[in-house]
Amino acid sequence: VPPGVRRADPRELDRLAALWTALADHHAAFDARFALRPGADEAVRGLLAGWLRDPDAALFVSGEATLDGYCAVRVDEAPPIQREQRRAEITDLLVRESERRRGLGRALAEAALGWVRERGVDRVEVRVAAGNREGQAFWRAFGFGDFMDVLDRRL
Ligand SMILES: CC(C)(COP(=O)(O)OP(=O)(O)OC[C@H]1O[C@@H](n2cnc3c(N)ncnc32)[C@H](O)[C@@H]1OP(=O)(O)O)[C@@H](O)C(=O)NCCC(=O)NCCS
């Protein structure tokens, strides 16, 4: 784990929920499909508490009383017909705006990749919104490339 990065503690659920909401707000700002419903806070806390208990997931954070960023990662079983048995997904990555472009995003993502490697898993996916310019630039600079396009259509 890079310096300044550590596993999240279940006692800091409130701080994590604040960051999670900031990540959702970042997405909602460029695409309304990501908007949270009013009163989602309790559900956010429940979701995060579930990840903290899940042995197949890990949450890395940076900062103390105020968290500067977090990264969520999990390992999943691949469909049983595939040669690949397990793969990982980084589901969330956020660095507080005032702390960006200092290497923290990369340090958090490295911590997540280290955790994945320790599990003997050798491939990781990340879903990045097409309109998320920072996210697209970050992951591509970090060596991630195109794999799937998620298409949608309003009915
Ligand atoms: C994406 C994000 C986590 C990056 O965090 P960060 O701490 O600023 O990233 P780093 O400082 O480790 O950047 C590493 C490299 O990524 C690339 N990069 C990061 N942000 C970039 C930007 N806005 N534009 C272009 N390249 C960028 C650069 O190559 C950078 O290296 P450099 O600073 O030496 O040029 C941060 O911008 C963020 O929280 N954005 C909002 C949430 C988000 O989009 N998360 C991703 C969801 S999938």
query = Mind checking which residues of segment 134-155 are of a type outside the set (Asp, Glu) and part of a helix (DSSP H, G or I)?
reply = 135, 136, 137, 138, 139, 140, 141
request  = Go through the residues of segment 56-79 one by one and say whether even a single one is at negative phi, in contact with a His (Cβ under 9 Å, 6 or more places away or on another chain) and in contact (Cβ under 8 Å) with a residue 60 or more places away in the chain.
outcome  = no
message = Being in contact with a Lys or Arg (Cβ under 8 Å, 6 or more places away or on another chain), within 16 Å of the ligand (Cβ to nearest atom) and not polar (S, T, N, Q): is that true of residue 28 here?
response = no
query = Does residue 135 count as crowded, with 16+ Cβ neighbours inside 10 Å and under 30 Å from residue 11 (Cβ atoms)?
reply = yes
Segment 131-150, residues that are out of contact with any strand residue (DSSP E or B) (no Cβ under 7 Å at 6 or more places or on another chain) and either more than 11 Å from the ligand (Cβ to nearest atom) or not small (Gly, Ala, Ser) (or both) = 132, 133, 134, 136, 138, 140, 142, 145, 146, 148, 149, 150
message = Can you say whether residue 38 is under 21 Å from residue 14 (Cβ atoms), away from the ligand (no atom under 16 Å from the Cβ) and either over 14 Å from the mean Cα position of the chain (by Cα) or at pLDDT below 95 (or both), as far as the supplied structure shows?
response = yes
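So that you can scan it fast, the table gives a plain yes or no per residue for (1) under 19 Å from residue 9 (Cβ atoms); (2) not charged (D, E, K, R):
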position: 51; (1), (2): yes, yes
position: 56; (1), (2): yes, no
position: 71; (1), (2): yes, yes
position: 115; (1), (2): yes, yes
position: 123; (1), (2): no, no
position: 127; (1), (2): no, no
Single residue of segment 100-127 satisfying the filter (surrounded by fewer than 17 Cβ atoms within 10 Å (Cβ to Cβ) and near the ligand (Cβ under 9 Å from one of its atoms)) that is nearest to the chain's Cα centre (by Cα) = 127
task = State all residues of segment 88-99 that are within 15 Å of residue 57 (Cα to Cα) and within 12 Å of the ligand (Cβ to nearest atom); if no residue qualifies, say none.
result = 89, 90, 91, 92, 93
task = Considering only residues that are out of contact with any strand residue (DSSP E or B) (no Cβ under 9 Å at 6 or more places or on another chain) and more than 23 Å from residue 34 (Cα to Cα), look in segment 71-99 and name the one that is surrounded by the most Cβ atoms within 10 Å (Cβ to Cβ).
result = 84
remark   = residue 20: passes all of (1) farther than 29 Å from residue 154 by Cα; (2) of a type in the set (Phe, Trp, Tyr); (3) in contact (Cβ under 8 Å) with a residue 24 or more places away in the chain but (1)
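The values are calculated or read from the model by the stated rules, or taken from the named source; none is laboratory data. Keep in mind it's a predicted model, so treat the numbers as computed, not measured. When we count neighbours, we look across all protein chains shown, and the Cβ atoms used for this are built from the backbone with ideal geometry, even at glycine.
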